[in-house]
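The values are calculated or read from the model by the stated rules, or taken from the named source; none is laboratory data. This is a predicted model, so every value here is computed, not measured. Note that we place each Cβ from the backbone using ideal geometry, even for glycine, and neighbour counts take in every protein chain shown. Heads up: the accessible areas ignore ligands, DNA and RNA and are worked out on the full protein's heavy atoms, side chains in. Shrake-Rupley method; radii C 1.70, N 1.55, O 1.52, S 1.80 Å.
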Number of protein chains: 2
Amino acid sequence: MKFRVKDMDIATGGTLVVILNIKDAHKLDLRSGDRILVKNSHHQVTCILDISESKKAVPEGAIGLMEEVLDRLRVRKGTIVEVKFTGKPESVKHIRDKLYGKHLSYEELYHIIDDITHDRLTDIEKTYFVAAGFINGWNIEEIVDMTRAMVETGQKIKFPGLILDKHCIGGVPGNRTTMLVIPIIAAAGFTIPKTSSRAITSPAGTADTMECLAKVEMSEKKIKNVVKKHKACIVHGGSMNLAPADDKIIDVEHPLSIDAEGQLLASVMAKKYSVSANHVLIDIPMGKQVKVKNWNQAKHLRKMFKLIGKRLGMNVKVIVTDGSQPIGKGIGPLLEAMDVLYVLRGAPLAPPDLRKKALFMAGTLLEMTGKYKKGQGSQVAREILDSGKAYQKMEQIISAQGKQKKLKLGEYTHLVKCTKIGRVQAIDNEVIAKIARIAGAPDDKGAGLYLHKKVHDSVKNGDCLYDVYAENKFKLDLAKEFIKKNKGYLIS
Amino acid sequence: MKFRVKDMDIATGGTLVVILNIKDAHKLDLRSGDRILVKNSHHQVTCILDISESKKAVPEGAIGLMEEVLDRLRVRKGTIVEVKFTGKPESVKHIRDKLYGKHLSYEELYHIIDDITHDRLTDIEKTYFVAAGFINGWNIEEIVDMTRAMVETGQKIKFPGLILDKHCIGGVPGNRTTMLVIPIIAAAGFTIPKTSSRAITSPAGTADTMECLAKVEMSEKKIKNVVKKHKACIVHGGSMNLAPADDKIIDVEHPLSIDAEGQLLASVMAKKYSVSANHVLIDIPMGKQVKVKNWNQAKHLRKMFKLIGKRLGMNVKVIVTDGSQPIGKGIGPLLEAMDVLYVLRGAPLAPPDLRKKALFMAGTLLEMTGKYKKGQGSQVAREILDSGKAYQKMEQIISAQGKQKKLKLGEYTHLVKCTKIGRVQAIDNEVIAKIARIAGAPDDKGAGLYLHKKVHDSVKNGDCLYDVYAENKFKLDLAKEFIKKNKGYLIS
């Protein structure tokens, strides 16, 4: 059947959606969510059908095309296109099987992950996939297969030989160890090509922070060049299409804030596998306000990471660290980058907790290579850091990736003071992160918080707990408004 | 923060959706799916946020409003509105709890059902609700509570005294017993206010079929009048807002064609409870191509229906019937209505299987009232039918609801002939239904199939298996095309 194209002037952000009037849909016995093949003389594309009950949006005889579909078909409004019904993708059947408790094979998982990668599934279908996996669980075999499918449906960067990597499962503000561990490891002579993410719900991701110092978006070729010359890079993985299904799955997990273990494991391992890593250190922060709340959870996750690593031919080591309060003093891209530089330069302002954690992690990675004995790693890492070699390496990486022009901290500031005498008992990670985000982080790189007091510090009336930085007055006022209700510090 | 209204010229069909540019969303730390309160000086409404990455669709400083939101706020394009973040509805937390395996209380289920009724949940959230209930299961307590919540959040029609009702869980083409059972029961002096549905995936629902003879859309007041005068009605329930959450839940079940038992039970019982029914007969067709495939499934469902009925103060009787082939000869609204009239008039063309099933059901209902002894019901029903009293009653109901002008069968016809000698071993319900739908049913009331041969009939080369009727040539050609691949008859 033929229809006249209407340009809906809307982008879905991925999914290929077309809209028919309800009367035309009835004629063709089609329902919302059905797949139809839309074609003109040169191109064709399979789309997901949406139905309009109003003539105003899409009249009879017309087909409303979202921007993504217009682009793929290379048509404009008024063009005549042909429409054919095609069945639902095979993957919908597999998702249904998983709902009924079936274990899925590699081929079945590949179908699903491939369709997610190419925006061929609706939100409802993706949600059933996540919910079914979450409740019925994924076994080790399925998680390994899902990881492989995620890698296969994305870009891979091949590096030969011993390749190190690290990952933190997140949730702790200020935790910028990557930007210290990478230069230490590379200065020790090992290859560590690091792809990082931007913040989703936090005030800064490693990619946002590194971007204060160097360019982080680059081609595969450029990355390979940087790593060949300097043994390391710190770049944004998002722009590289590594395991792209992962982000699209996270989109439907977010609305209910569910932590689907199988998805987490596959997500982390796929990103590492995509860059050829074979020795991987995983940091699991433990605390009341992070993903992992207690030792039983931590031990279970450690076991799973190691098992999956083994199946993928990776040497995986897992460390469980303190996730009860922010690491370092700065929260927000530029403030966190400054913390990192202080540690690299051995400056008096260097936060000791950040330095200590980074040395421990770098030491552990060094020992994993087999070139150093147990207990020796931390010592070697410290020597590299204190000698200035790590700083030098970081400068090489920055100039190879492309140095950024110097940024400035937000000019609008606000001091948050203590109003009683006592000790800091706890810092609320979520509140601290929220304040930094309201102040403008991570989009405004100079926005954020600088913590003067940490847990166990003694405080008295009038002491400064932290400063807030913002790049415009409106956002600072919003942050001040929020702080009136909650400072994020428990003092007694 | 203030925004300028943009009229998106799109209706969502329910959900209240507004769109912000991604840059504005970042400033306010908002994500897709977040709830925001939109208000002007007179009205306010809580909406679900969607995010536009393109300036073209929604530029910075603007807020795109769907038709439903424009109507509620009574604003036009260019108006300035204020936007505030509000948390997610309480019900999202309860859905999350169900994902984690918790049993939900009446209050929690009420929150969820109320939010579904009022379009306050996204498709993703509704899908998690259905998936969680499907996999983790609902216990009797929860199903009863869900049924009550569905009734409480919709319209109720109160009738006093002994109120009968019937329901078929569907899947069998031509199964129009309702239009025979209702006049028989009413002619026997009992009250039976019947609300029926239109076809969703079948060639005709009872409402579509009844509409060939009488008006089926009417107000609560009109229904009460008809029932007061004639003890019965056969109307479309959809227009009356009885347990409206049900249809909105079905919308997210359909994409994966899952049969969530708890949902089915709550759906059926809520519709009956909404019209004050206290004696309910439920027909479960059993067969390879319908919901219930075997005796174990049928017995389990029977037990559940009876248990829930008891908890709601209803006397429920369940019969398991043959669902292996179509009932009657006509498939499609007018053809099915003609079958019904043939039976009511005792015409020679009356399909014996439809007559027999209707008498059995009417007899069972009569016995449920306690006024007739076991075994007596069928006899009484037959007398009422054969005496013409049921036909007279049907004519009263039709004229009270409003007689329709006479319809005609589709003028484009096609005979499907048998090409070998043998017996009809099976008729494929799904194929027969599909052909009738392609021919135009249920929207084209005169479209459909008339079956000349049923299972066990002997056939020879050249015998007519069935006729196809369509109201336009294009649809008849489509149906002929389909029949070339599959006639829907197994003969050997």
ask   = Assigning unit charges at the beta carbon (Lys, Arg +1; Asp, Glu -1) and nothing else, what dipole magnitude in debye, to the nearest 20, does the protein assembly as shown show about its Cα centre?
value = 620 debye
message = Explain nothing, just the number: dipole magnitude of the stretch A:164-401 about its Cα centre with +1 on each Lys and Arg Cβ and -1 on each Asp and Glu Cβ, in debye rounded to the nearest 20.
response = 900 debye
task = Using R₀ = 30 Å, calculate the FRET efficiency as 1/(1 + (r/R₀)^6) where r is the Cβ-Cβ separation of B:Gln404 and B:Lys288; round to 0.05.
result = 0.25
ask   = Per residue, how much accessible area does the stretch B:90-137 have with a 1.4 Å probe, in Å²?
value = 36 Å²
Drop in accessible area of at least 30 Å² in the complex versus isolated chain, residues of the stretch B:250-277, 1.4 Å probe = B:His254, B:Pro255, B:Leu256, B:Ile258
note = Simple spin-label estimate for B:Ser105/B:Glu481, 7 Å along Cα→Cβ, in nm, reads 5.7 nm
Selection from B:Gly262, A:Ala447, A:Cys464, by position along the positive dipole direction of the protein assembly as shown (Cβ) = B:Gly262
request  = Give, ordered by residue number, each residue of the stretch B:115-152 whose 1.4 Å probe accessible area is reduced by a minimum of 50 Å² on adding the remaining protein chains to the chain alone.
outcome  = B:Ile124, B:Thr127, B:Tyr128, B:Phe134, B:Ile135
inquiry  = What figure, in Å² to the nearest 10, do you get for the accessible area of B:Lys27 with a 1.4 Å probe and non-protein molecules left out?
reply    = 80 Å²
key: Accessible surface of the stretch A:412-491 [probe 1.4 Å, protein heavy atoms]: carbon and sulfur percent   = 52 percent
ask   = Distances from B:Thr46 to the same residue in each other copy, label points 7 Å out along Cα→Cβ, in nm, shortest first?
value = 3.9
query = Distances from B:Arg4 to the same residue in each other copy, label points 7 Å out along Cα→Cβ, in nm, shortest first?
reply = 3.1
ask   = Using 1/(1 + (r/R0)^6) with R0 = 56 angstrom and r between the beta carbons of A:Asp7 and B:Arg423, what's the FRET efficiency to the nearest 0.05?
value = 0.45
key: Extension gain (nm, one decimal) between B:Lys310 and B:Phe85, 0.36 nm per residue minus Cα-Cα   = 76.5 nm
query = So for B:Cys47, A:Cys168, what's the accessible-area order with a 1.4 Å probe, most first?
reply = A:Cys168, B:Cys47
message = Which residues among the stretch A:429-463 fall inside the zone where the amide N is under 16 Å from a point 7 Å beyond the Cα of A:Ile200, along Cα→Cβ?
response = A:442
ask   = Between copies, how far does the label point of B:Asn294 sit from its twins, in nm, shortest first, when each point is 7 Å from Cα along Cα→Cβ?
value = 4.2
Cut-off 15 Å between beta-carbons: net charge of the residues surrounding A:His26, Lys and Arg +1, Asp and Glu -1 = -1
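Rounded to the nearest whole Å², what accessible area per residue is found for the stretch A:2-86 with the 1.4 Å probe?
48 Å²
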inquiry  = So if I place +1 on the C-beta of Lys and Arg and -1 on the C-beta of Asp and Glu, and nothing else carries charge, what would the dipole magnitude of the stretch A:2-86 be about its Cα centre? I want it in debye, nearest 20.
reply    = 300 debye
message = List the residues of the stretch B:80-108 for which accessible area in the full set of protein chains is at least 10 Å² lower than for the chain on its own; 1.4 Å probe, protein heavy atoms only.
response = B:Lys88, B:Val92, B:Arg96, B:Leu99, B:Tyr100
task = Please work out whether the stretch A:1-60 counts as rounded, prolate or oblate from its C-alpha gyration tensor, where a ≥ b ≥ c are the square roots of the eigenvalues and a/c under 1.5 means rounded, while otherwise a/b larger than b/c means prolate and anything else oblate?
result = rounded
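Quick check: at a probe of 1.4 Å, how many percent of the accessible area of the stretch B:2-86 sits on carbon and sulfur atoms?
47 percent
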Accessible surface buried upon B-A contact (total; probe 1.4 Å; Å², nearest 100) = 4300 Å²
ask   = Heavy-atom accessible area per residue, the stretch A:253-402, 1.4 Å probe: how many Å²?
value = 41 Å²
request  = Quick one: how many lysine pairs does the stretch A:2-86 have with C-alpha atoms less than 12 Å apart and a gap of 8 or more or different chains? Give me the count, please.
outcome  = 6
query = If the cut-off is 19 Å between C-alpha atoms, which lysines fall inside it for A:Lys224, apart from same-chain ones fewer than 8 positions away?
reply = A:Lys156, A:Lys158, A:Lys166, A:Lys194, A:Lys215, A:Lys271, A:Lys272, A:Lys393, A:Lys403
